[in-house]
Amino acid sequence: MIDKEQQHKPEATKANLEHFSYDNVIVKNFAIATMFWGVAGMVVGLLVALQLANPIFNFDTSFLTFGRLRPLHTNAVIFAFVGNGMFAGIYYSLPRLLKARMYSDLLGKIHFWGWQLIILAALITLPLGFTQGKEYAELEWPIDIAIAVIWVVFGLNMIMTMIKRRERHLYVAIWFYIATFVTVAVLHIVNSLSLPLSFFNSYSVFAGVQDALVQWWYGHNAVAFFLTTPYLGLMYYFVPKAANRPVYSYRLSIIHFWSLIFIYIWAGPHHLLYTALPDWAQSLGTVFSVMLIAPSWGGMLNGLLTLRGVWDKVRTEPVLKFMVVALTAYGMATFEGPMLSFKNVNAITHYTDWTIAHVHVGALGWNGFLTFGMLYWLFPKMYRTKLHSLKLANVHFWLGTLGIVFYVVPMYWAGLTQSLMWKDFTPEGFLKYPNFLETVTQIVPMYMLRALGGALYVIGALVAVYNYYMTAKSGSLLEQEEASAPALQGSHKVKRWHEWIEARPIQMTILSTIAISIGGLVEFLPTYFVESNTPTITTVKPYTPLELKGRDIYIREGCYLCHSQMIRPFRSETERYGDYSKSGEFVYDHPFQWGSKRTGPDLARVGGKYPDSWHYSHMLDPGSMSPGSIMPSYPWLLEDEISVDDVPAQINLMRNLGVPYEEGYEDKALADLEKQAKSITESLSKDGAESAPHKEIVALIAYLQRLGVDASKASEVPLK
């Protein structure tokens, strides 16, 4: 596993050996948590898939709707399943690579239980609608603070272990662990900057274009540095271990690491092509995204070529099967990502289910299969026994593989179907499918197949849980694994320039931080400080107090997960939705709500398109207004009331964020809210829909009716 340079060391004498032990208990705990939360997150994902196939699976219950469960699913899979799997692998591999016990058992326990409590907090708060409305970063500010604290505990334990190590050279896997720690810390802290209104409600300090850039700088690099770099570190440890072969190329691993962490951080804007983001930022995102294919495939090939000479074992050993498919899925996803960053390709795939397929190739194939393979290798080692059943492991492999195929192929098909139908015109020049719902009903069969694929994958995971359990039951856990190694002696003569970095964890940490900071700073600073990137539209005014309340409800219910608020400059979109979106429209949006997927139509210009009573009936029973709709109903909006006690505080907070409410307006805000609410209830009453002024449905209608109205007046007024 270690490169050839590290294999020829003088034998240590017995006199200078130091004896210590590796803690397998913490590894076992993280491994169990991995599968527990993994299955839970996958089951929620299966329910979400069924909800898209048939809205009946929303059960007309607020905390079980798609908009609330989808963030729970993504957080559970990313931070609970992959997160715990990453920690299990790191707590096993890091001490052995450094020939030192983890620095602090107490820090390890705080890390483990703190992380599980954070996951539990997400499980409780997200279905209740407590969310910041930012994809993959929905958790509210108290939980964000807890994440930062626990992440520092993890990093401190890891860095201090490196400092007290007995192996001078830092193996390549450790480089990726270091980059993961520093980058996730930076991403999380910057993207989570917000001002709290209450314990469960806060608003991003960024708005509109700036918030979009920060969010997808975070969102893309959460994939890069939480789902990719730590798992590349695990790949560099466990693939050579499972194959009993040294890593193919040490030089390639150096190029792979530094080029990957430097380039990756620039690529976030490719999620915002053709949007109101400045063109220069979009171009930067595209260029660096295309460049990413080189280091990504370098890592994949380094892993696959490590198996040279042992490919015959892949037929018989499930661990290697899982790892080969994981590396292949990583290669597929990292080829597809750069391709999707081309503007001509992105114009077809963005906002469609193609993106969902792309994400799940990585999540199910790369992260899922590498996790399963790692655990199939770990459990027999830790419990000093053989794997309970090779046959069940092979059954799991084929169930998981078929599950991935049945998941991603229908989603690719659905994505192409959506895009072609959205853009199709008749010979006379009219939209062929002007009713958006026509493009939804066509792909419902693909959603059913996707649910089948998800079910197969979940069944495979349950088979794995049984196999792991029976393996553990048949053996006994080696809680403290005895080891010995000589202490580091004196200074080390550097033979090659790169050894100056690779033998020094602090330098490695500092240089990694610099490498990942450059791209973010180059993109953020001009967007934030150069006013021409977000020119003001004089007709765009701050939201009224009632509209702010309605926007809170819109975010709480996860409407942004199915509806975009960004009309791209395509004829098909301007014909369907209205004039394309401008950056100045969103200057008061904390957070932005551009969305990343259209299961329903874009809402950027929905204001004034329908009467108030239409929205009322649509939220109560979507099928009554749009026959065949897969949108769930929201009857609680007609029953629950908004809280008006915090209206003055909300206005004051928005002013602190830069929204230009006049001084003293908080004293008049409640009266304005009452006036607008009364106007809407009178409008509803005329159409036979009765509602009290403080009902949530009234606030939501106020917000929906505002969308795009100010911007529609902008053509008469020049930008300034």
One residue from PHE262, PHE288 being open to solvent by 20 Å² or more (accessible area, probe 1.4 Å), farther than 28 Å from TYR560 by Cβ and among the aromatic types (Phe, Trp, Tyr): PHE262
Looking only at the stretch 175-195, decide whether some residue is within 23 Å of CYS559 (Cβ to Cβ), open to solvent by 10 Å² or more (accessible area, probe 1.4 Å) and not small (Gly, Ala, Ser). yes
(1) surrounded by 22 or more Cβ atoms within 10 Å (Cβ to Cβ); (2) over 28 Å from the mean Cα position of the chain (by Cα): which one isn't true of PRO410, the others all being true? (2)
Residues in the stretch 126-136 that are closer than 11 Å to SER192 by Cβ and touching a Leu at 6+ places or on another chain (Cβ under 9 Å): how many? 1
Filter the stretch 387-446 down to residues that are more than 30 Å from LYS321 (Cβ to Cβ) and of a type in the set (Val, Ile, Thr), then give me how many there are. 7
Over the stretch 624-640, the set of residues at pLDDT 95 or above and either exposed (fewer than 14 other Cβ atoms within 10 Å of the Cβ) or of a type in the set (Asp, Glu) (or both) is GLU639, ASP640
For SER296, all conditions in the list (1) within 27 Å of the chain's Cα centre (by Cα); (2) open to solvent by 70 Å² or more (accessible area, probe 1.4 Å); (3) not hydrophobic (A, V, I, L, M, F, W, C) hold save one; what is the number of the exception? (2)
Kindly indicate whether any position in the stretch 585-598 is part of a loop (DSSP other than H, G, I, E, B), hydrophobic (A, V, I, L, M, F, W, C) and in contact with a Lys or Arg (Cβ under 9 Å, 6 or more places away or on another chain). yes
All but one of (1) hydrophobic (A, V, I, L, M, F, W, C); (2) under 27 Å from ILE90 (Cα atoms); (3) at pLDDT 95 or above hold for LEU272, so report the exception by its number. (2)
Of (1) free of Cβ contacts under 8 Å to residues at least 60 places away in the same chain; (2) in contact with a Lys or Arg (Cβ under 9 Å, 6 or more places away or on another chain), ALA393 satisfies all except one. Which? (1)
For the stretch 524-535, pairs from a residue that is within 12 Å of LEU277 (Cβ to Cβ) and of a type in the set (S, T, N, Q) to a residue that is open to solvent by 40 Å² or more (accessible area, probe 1.4 Å) and part of a loop (DSSP other than H, G, I, E, B), with Cβ under 8 Å and 6 or more apart or across chains, are THR534/VAL587
Residues of the stretch 609-621 that turn out to be in contact (Cβ under 8 Å) with a residue 12 or more places away in the chain and in contact with a Gly (Cβ under 9 Å, 6 or more places away or on another chain), as a count: 1
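The values are calculated or read from the model by the stated rules, or taken from the named source; none is laboratory data. Remember, it's a predicted structure, so these values are computed and weren't measured experimentally. Note that each Cβ is placed from the backbone with ideal geometry, even for glycine, and that neighbours are counted across all protein chains shown. Areas reflect the complete protein model, heavy atoms only, side chains present, ligands, DNA and RNA absent. Shrake-Rupley method; radii C 1.70, N 1.55, O 1.52, S 1.80 Å.
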